[in-house]
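> Handing you this structure, nothing more for now.
The values are calculated or read from the model by the stated rules, or taken from the named source; none is laboratory data. Computed from a predicted model, the values in this text were never measured in an experiment. With ideal geometry, Cβ positions are generated from the backbone for all residues, glycine too; neighbour counts draw on all protein chains shown.
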Ligand SMILES: Cc1ncc(COP(=O)(O)O)c(C=O)c1O
């Protein structure tokens, strides 16, 4: 049994001295929010890191998704995968837009382009892809469909900070991309997010929406909300941005070690990341096949007894959660791949809080259930 509970998504925290220095500067300037130096500095650094024209920070990823949809004037229906965190769907529903759930590809776990066109109706205004676990969506295929049907395409990039597709950083695809910098994410600002785009007009619209439509002091020229990131969150962002290379190294080391130790365990498959692309290696994902003697849910319970708090990201899929599942429109939704994968998936702790010794213990447990059960 592990000495203390190990959670999925324990925060990656950069250098404390750097953080406190930023916070002291903030107090000296007495500027706590409303686009101060720290937020502006972070936005410019994000643009550089992601090689994108505009990065507009927000108070969280959910608000980033809402503002992105609003900035593109989306209405009616938006096609998205059901296999994602509920915020992707709720952000649409919150704006009175209907999420239409599409199945995923069994290899990438991202939205399956071959299933999208059947879902397009005269009400469809966009496709919303999710780069799940930092594995990029098939952006070219999605772009072709969006262009053919003259609908918008944008992405939930909450998992994909620091990842790439064909050598281009996530953040540059579709009309815009929405990131989450929640504490559990690879790169965190406590709570926070950003919308990135290469479109100047869209970027201006987003900036207005994030701050009540203010173009200048006392000059409001559009509808807007309070979507702003504050200075202390930006201080955390600047601190953590400096640390991301070492977090990637740790995550990758952990992934390789888990892989080595589990390679002979029947029925457990460790999901890998594409060679030659950048990845944050933030998610340690196992799929269980019928060869493993425990079901996914039995395994979660066993691990919990041993202080290993694995998670079922994302079970049971948005279409099986409220307010969607009780609605007549969704009762017919059959998403075979989503339902299969979501019943077999398991996420294990990784990140800078997890040591090699922890990984040895966790993998020993995974092996022991396998042999115990077989020897029963
Ligand atoms: C795929 C996905 N989309 C959106 C969000 C929402 O981001 P936030 O928690 O920053 O609002 C999250 C995570 O929390 C997520 O995992």
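> Only one residue in 88, 62 is buried (at least 19 other Cβ atoms within 10 Å of the Cβ), under 15 Å from the mean Cα position of the chain (by Cα), within 16 Å of residue 228 (Cβ to Cβ) and within 16 Å of the ligand (Cβ to nearest atom). Which one?
Working: 88 fails: within 16 Å of residue 228 (Cβ to Cβ).
So the residue among 88, 62 that is buried (at least 19 other Cβ atoms within 10 Å of the Cβ), under 15 Å from the mean Cα position of the chain (by Cα), within 16 Å of residue 228 (Cβ to Cβ) and within 16 Å of the ligand (Cβ to nearest atom) is 62.
> Further, regarding this structure: Step by step: first the residues of the stretch 327-363, then only those that are closer than 26 Å to residue 2 by Cβ and without any contact (Cβ under 8 Å) to a residue 40 or more places away in the chain, then the one that is surrounded by the fewest Cβ atoms within 10 Å (Cβ to Cβ). Which residue is that?
Checking each candidate, the answer is 357.
> Return the pairs, sorted by first residue and then second, in which the second residue is near the ligand (Cβ under 7 Å from one of its atoms) and part of a strand (DSSP E or B), the first residue lies in the stretch 177-193 and is more than 13 Å from residue 280 (Cβ to Cβ) and assigned by TED's automatic domain parsing to the domain that holds residue 142, the beta carbons are less than 6 Å apart, and the residues are 6+ apart or on different chains.
Every condition considered, the pairs that remain are 178/156; 193/180.
> Among the candidates 28, 73, which residue alone is in a loop (DSSP other than H, G, I, E, B) and more than 13 Å from residue 128 (Cβ to Cβ)? Let's see the steps before the verdict.
On the way: 28 fails: in a loop (DSSP other than H, G, I, E, B).
Within the list 28, 73, the selection yields 73.
> Please give the number of the condition residue 163 fails out of (1) under 26 Å from residue 231 (Cβ atoms); (2) within 16 Å of the ligand (Cβ to nearest atom).
Result: residue 163 fails condition (1) only.
> I've got another one for you. Name the single residue that is nearest to the ligand (Cβ to nearest atom) among those in the stretch 91-101 being assigned to a strand (DSSP E or B) and either surrounded by fewer than 18 Cβ atoms within 10 Å (Cβ to Cβ) or touching a residue at least 60 places away in the same chain (Cβ under 8 Å) (or both).
First pass over the stretch 91-101, keeping only residues assigned to a strand (DSSP E or B): 98-101.
Narrowing further to those that are either surrounded by fewer than 18 Cβ atoms within 10 Å (Cβ to Cβ) or touching a residue at least 60 places away in the same chain (Cβ under 8 Å) (or both): 98-99, 101.
On the way: 98: 18, 99: 13, 101: 14 Å.
It comes out as 99.
> Is it true that some residue in the stretch 26-36 is farther than 25 Å from residue 354 by Cβ, within 16 Å of the ligand (Cβ to nearest atom) and in the same structural domain as residue 152 (by TED's automatic domain parsing)?
First, the residues of the stretch 26-36 that are farther than 25 Å from residue 354 by Cβ: 26-36.
Next cut, within 16 Å of the ligand (Cβ to nearest atom) only: none.
Looking for residues that are farther than 25 Å from residue 354 by Cβ, within 16 Å of the ligand (Cβ to nearest atom) and in the same structural domain as residue 152 (by TED's automatic domain parsing), one finds none in the stretch 26-36, hence no.
> Looking only at the stretch 258-282, which residues are under 20 Å from residue 135 (Cα atoms) and assigned to a helix (DSSP H, G or I)?
Looking only at the stretch 258-282, we keep the residues that are under 20 Å from residue 135 (Cα atoms), and these are 258-259, 268-282.
Listed by number, the residues that qualify are 258, 259.
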